[in-house]
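Novice: I am attaching a structure below and will ask some questions about it afterwards.
The values are calculated or read from the model by the stated rules, or taken from the named source; none is laboratory data. Treat the numbers as computed from the prediction; the structure is a model and nothing was measured. Reconstructed Cβ throughout: ideal geometry from the backbone, glycine too, with neighbour counts over all protein chains shown. We work out accessible area using only protein heavy atoms, side chains counted, and drop any ligands, DNA or RNA first. Shrake-Rupley method; radii C 1.70, N 1.55, O 1.52, S 1.80 Å.
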Amino acid sequence: MGTRPETHQPCIRVLIVDDHPVLREGLVSILGDEPDMVVAGEAGTGEEAVRLHREIRPDITLMDLRLPGINGAEATAEILKESPEARIIIFSSYSGDEDIYRCLRAGASAYLLKDMLRTELVAAIRTVLAGQRYLPRAVQQRLRERQSAKDLTPRETEILTLIAKGLRNREIAEVLGMSEGTVRIHVSHILAKLGATDRTEAAVQAIARGIISLS
């Protein structure tokens, strides 16, 4: 890592954040083929990403979403709190509309899926460096779907998480300190908002969309 002495044009310095070494190696290889890009640092956790960004001040940060410790959205928010001018691209295998929305709300400039073509990755880096947002069509579609859906309340999200963990209404009532009848009403609202026919479908849909996470 470092600058390339043989080139006289400014290099785009990129920080790569991913907990999988093999994926980081692949990104290093892709960016290494670009004459005006250089990998300035690598991190495997969200906390490390925040620290490294503070130290090396990269032009672009490629940030995975699911990371040990704080996740990519949280790390993005932390970095932007310290450096509002930072440009961060979320690079994830998760396409849930809530995942995407959460990262953009945290301040990410782009949300890319890991199955994208390398040419799109390079194009995204250049676009974000120019101060523009980059959202592929698939990501835009997921955001449109989210706009047409009804938001769950914090309590409904909490109950849905317990449902996904296999708890029954009586057990949820005991955990949250409410009556079983109240839990039943919340569950009914959850199913209606998600358009789900039963608890299992609601839990599966919520995990797929990124509304809840069991990790």
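Novice: Say we look at region 53-92 and pick out the residues that are of a type in the set (Ser, Thr, Tyr) and in contact with a strand residue (DSSP E or B) (Cβ under 7 Å, 6 or more places away or on another chain); which of these is nearest to Ala124 (Cα to Cα)?
Specialist: Thr61
Novice: Can you tell me which residues in region 194-211 are out of contact with any Asp or Glu (no Cβ under 6 Å at 6 or more places or on another chain), surrounded by 16 or more Cβ atoms within 10 Å (Cβ to Cβ) and of a type in the set (D, E, K, R)?
Specialist: Selection gives Arg199 alone.
Novice: Tell me whether region 120-133 contains one or more residues that are within 15 Å of the chain's Cα centre (by Cα), open to solvent by less than 30 Å² (accessible area, probe 1.4 Å) and closer than 30 Å to Thr61 by Cα.
Specialist: no
Novice: Go over the candidates Leu104, Leu31, Leu129, Leu27 one by one and state the one that is farther than 27 Å from Ser213 by Cα and either touching a His at 6+ places or on another chain (Cβ under 6 Å) or modelled with pLDDT under 95 (or both).
Specialist: Only one candidate passes the filter, namely Leu31.
Novice: In addition: Among residues belonging to region 59-84 that are in contact (Cβ under 8 Å) with a residue 60 or more places away in the chain and charged (D, E, K, R), point out the one that is farthest from Tyr134 (Cα to Cα).
Specialist: The qualifying residue farthest from Tyr134 (Cα to Cα) is Arg66.
Novice: With the requirement that a residue be touching a residue at least 12 places away in the same chain (Cβ under 8 Å), among the hydroxyl-bearing types (Ser, Thr, Tyr) and either open to solvent by 60 Å² or more (accessible area, probe 1.4 Å) or in a strand (DSSP E or B) (or both), what does region 102-119 give you?
Specialist: Correct list: Tyr111 only.
Novice: Is it fair to say Thr7 is in a loop (DSSP other than H, G, I, E, B) and either more than 25 Å from Arg102 (Cβ to Cβ) or modelled with pLDDT of 95 or more (or both)?
Specialist: Taking the combined requirement at face value, the residue satisfies it.
Novice: In addition: Determine which single condition Leu214 fails, assuming it passes every other condition in (1) assigned to a helix (DSSP H, G or I); (2) open to solvent by 60 Å² or more (accessible area, probe 1.4 Å); (3) among the hydrophobic types (A, V, I, L, M, F, W, C).
Specialist: Among (1) assigned to a helix (DSSP H, G or I); (2) open to solvent by 60 Å² or more (accessible area, probe 1.4 Å); (3) among the hydrophobic types (A, V, I, L, M, F, W, C), Leu214 violates only (1).
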